[in-house]
Amino acid sequence: MVWLGVWSLQRYAGTVKPVGTPSTVEKPSLRRRFSALAKDASPALLGGLLHAALAAVALPGIAQPGIAISAAFLSLLPLLWVAKGRGRLLPLFCGVWLGQVPLWVLQQWWVLEVSEFGFFPLVAVQACWAGLFVVLLRVVRDRVRGVALPLSAAVLWAGVEFFRAQVFLTGYAWGLSGEALIDMPTLATPARVGGLTLVAFMMMLLMAGLWRLCVGRVEAPARRWVGAACGGAAVAAWSAMALWVDPTYHQLLTSVPVAVVQTNLPQSNKLAWTIADEVRDFQRFMALSREAAAANESHPRPVFIVWPETMAPGITLEPSALDVLRTADVYFTVPAGLVGDEPTRLSATAFAEELLAQQREIGVPMLVGEEAIEGLTINEDEQGRVSFSQDKRFNSAYLVKDGAVQPERYDKMHLTPFGEIMPVISRWDWLEGNLLELAAGGMKFDLAEGTRRTVFDIPASELKSGTVRIATPICFESTDPALCRRLAFERGARRADVIVNLTNDGWFGESDLARRQHLRLARWRAFELVTPVVRAANTGFSAVIADDGRVRAQLGSRADGVLRVEVGIHLGAAVTPYARAGEWAGWSSLAGTALLVGWALIRRRTDRLREHSTQG
């Protein structure tokens, strides 16, 4: 799709010869064509590799924060260098694309453990975006006059990043150019005004201004001052936001103690969770929960305890579905040695009932990730084997309090593309089923999307209001800034005091890099919304993140344990411009991108008509 778009731009930019145009020139041989293609693509490949190498240094855990931030800024320069060159657009795109592939293999190799077939198209698509930016900048640079190159580059870069992060196939906000800046809050400040898209815009405006300032000395001295003006504007705007926005969000009302239970279930085990595994793991989870609830000299009794995503053993916690299971007397057979000396019948509702009993005993409200099943139906064949069907199934967060499942639950609203749903493809069940059988045997994409922006109210004597309000984005929803904003704020008013992210990072397998990336994106949500984030992650990294994006405490990777810490709660008046206005920078950049490219294509069409008119 992206390749076709580049070919179309190339055609309209005049570098592809229209079909049917007469020619007396002998067609070059295949060898000459390949040589010409390599000549055009080689500089682009070099630029793509340099960008990829610097972007890799900016990934979490690779280098010290100062070096990572510097690499994030410098990674933009190779793309500007490629866009400055000549040559056909399609080889230019292909060269940058090829240079980007190693970067995305590094970031996404964990997908191989989930779907070998899905890994290759994911890497191929994500490697396209830098090349698309270079092509668009070349087209705009050649045809649009009166707009400074640094400004055009900033608009196009921000527009492409926003498109891939939140628009294309419901968005994949992973590996964005400004992510490393969270380690220096002053540089991250634009996110509190316009989100990560504004950070990307400011970065490119600064670097393109410096590029123009340096390159303008050779090309045209007058352009140096354009670069200086754009770079100076970026620095001035950054300083103004740091001085105006940051100091207004540092008063805390109070703090509340919380506890996180981190489980350590490899995803291979979770997908093939036997009843014996569930019994054994449930006993461990409850032991950790009792440890989390106990008050001691170092830690007061927590206000609530959090389990990670879908970590409650059993079929569901949904009360209506549990009633159906009780009525039908559905049970599991537990091998000897786990519950008793002989094989034991275990009711299908036993895990839920034991969880409620244990919660009543420890006396601390619990947020638990589990599947919600609506319209459960039990089917039995001639051999007495039982199967289940349902009207709807959700990935949900439940509040368990006073020994009962509370009526409110949060159902995941943004299903993970190609992890829980296939964008567009899921409209046709037969096509989705065949692709799943080919690419990820054993998986089912039958989850429904939630519609309610549930906020849980949990008693907290530490607060004057008497309750702490909690929003619970699940798993990859923490990478969706627009959704997190809607969960925590409504019409410019705060509706949640804390964001609790329940996630299962067992999908990342052996990749701690991916776990760190996921954690870093949760830090951005805390910073953008000036709202603390509590993260409960299976296999790590569970963490408590302050409202300035700093990690106050965290648990290690691929280990189970308990994290106990106090979370600072903000005054209700702490509302950032981003929390009020949302993705205005993203949509503006996308509109600006469409305007610039459309203008360039119209200018090309006008120039060709004028040329034909003159020749006639």
Item to complete: Take the alpha-carbon centre of segment 592-616, take the same for segment 179-219, and report the distance between them in whole Å.
Response: 31
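Compute, for the chain, the length of the dipole vector about the Cα centre, with Cβ point charges of +1 (Lys, Arg) and -1 (Asp, Glu) only. Units Debye, rounded to 20.
4280
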Fill in: Filtered trypsin sites (Lys or Arg not before Pro), segment 465-518: DSSP coil and at most 12 other beta carbons within 10 Å
Arg491
Item to complete: Would you work out which of Ala188, Phe527, Trp174 lies farthest towards the positive end of the dipole of the chain, given +1 charges on the beta-carbon of Lys and Arg and -1 on that of Asp and Glu, about the Cα centre?
Response: Ala188
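Leaving ligands and nucleic acids out of the surface, order Cys94, Cys475, Cys214 by accessible area at 1.4 Å, largest first.
Descending order: Cys214, Cys94, Cys475.
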Worksheet item: Round to a whole number: what % of the accessible area of segment 37-122 belongs to carbon and sulfur, probe 1.4 Å?
Response: 74
Response to the item:
Share (percent) of C-alpha pair distances in segment 552-609 greater than 15 Å works out to 75
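Relative contact order for segment 314-420 using alpha-carbon pairs under 8 Å, separation at least 6, rounded to a whole percent?
25
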Discussion item. Which order do the peptides 551-558, 63-70, 47-54, 383-390 come out in when sorted by mean C-beta neighbours inside 10 angstrom, highest first?
Written reply: 47-54, 551-558, 63-70, 383-390
Worksheet entry | Net charge contributed by nearby residues that have their C-beta within less than 13 Å of Ile62 (K/R +1, D/E -1) | -1
Worksheet entry | Residue-count net charge about Ser557 - beta-carbon cut-off 15 Å; Lys, Arg +1, Asp, Glu -1 | +1
Discussion item. With a 1.4 Å probe and all protein chains left in place, how much accessible area per residue does the chain have, in Å²?
Written reply: 44
Worksheet item: Hey, with R₀ at 56 Å, roughly what FRET efficiency would Ser255 and Leu30 work out to, going by the Cβ-Cβ distance, to 0.05?
Response: 0.20
Worksheet item: Looking only at Cα atoms, what is the convex hull volume of segment 72-189 per residue, in Å³?
Response: 128
Worksheet entry | Coil-residue GluC sites (Glu not before Pro) of segment 226-306, DSSP, other Cβ within 10 Å capped at 11 | Glu297
Worksheet item: So in the chain, what percent of DSSP beta bridges are antiparallel if you round to the nearest 5?
Response: 75
Discussion item. Net charge around Ala600, counting only other residues with Cβ within less than 9 Å of its Cβ (Lys, Arg = +1; Asp, Glu = -1)?
Written reply: +3
Discussion item. In whole percent, and with a 1.4 Å probe on the protein chains, what portion of the accessible area of segment 259-319 is carbon and sulfur?
Written reply: 49
Discussion item. Rounded to the nearest 10 Å², what accessible area does Leu463 have for a 1.4 Å probe in the complete protein model?
Written reply: 10
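Run the accessible area of segment 442-527 with a 1.4 Å probe and give the carbon-and-sulfur part as a rounded percent.
Using a 1.4 Å probe with all protein chains present, segment 442-527 comes out at 44 percent carbon and sulfur.
How big is the C-alpha Rg of segment 508-608 next to the rule-of-thumb value 2.2 N^0.38 Å, as a ratio?
Values: Rg = 20.7 Å, N = 101, 2.2 N^0.38 = 12.7 Å.
Normalised Cα radius of gyration, segment 508-608: 1.63.
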Worksheet item: Label points 7 Å out from Cα along the Cβ direction at Trp584 and Asp391: separation in nm?
Response: 4.2
Practice prompt. Distance between Cα centroids, segment 489-549 to segment 269-295: provide it in whole Å.
Written response: 23
Worksheet item: For the chain, what is the calculated [θ] at 222 nm in deg cm²/dmol (nearest 500), taking -39500 (n - 2.57) for each run of four or more DSSP H residues and dividing by its residue count?
Response: -16000 deg cm²/dmol
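Using DSSP to call loops (not H, G, I, E or B), can you name the trypsin sites (Lys or Arg not before Pro) in segment 141-195 whose Cβ has at most 12 other Cβ atoms within 10 angstrom?
Working: sites: Arg141, Arg143, Arg145, Arg164, Arg192; in loops: Arg145.
Listed in order of number, the matching sites are Arg145.
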Worksheet entry | Arg605 accessible area, 1.4 Å probe, all protein chains in place, Å² to nearest 10 | 150
Worksheet, complete the sentence: Order by accessible surface, 1.4 Å probe, largest leading, for residues Glu382, Glu566 comes to Glu382, Glu566
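The values are calculated or read from the model by the stated rules, or taken from the named source; none is laboratory data. Computed from a predicted model, the values in this text were never measured in an experiment. FYI the Cβ positions are ideal-geometry reconstructions off the backbone, even for glycines, and counts take in every protein chain you see. Remember, those area values only see protein heavy atoms, side chains included, never the ligands or the DNA or RNA. Shrake-Rupley method; radii C 1.70, N 1.55, O 1.52, S 1.80 Å.
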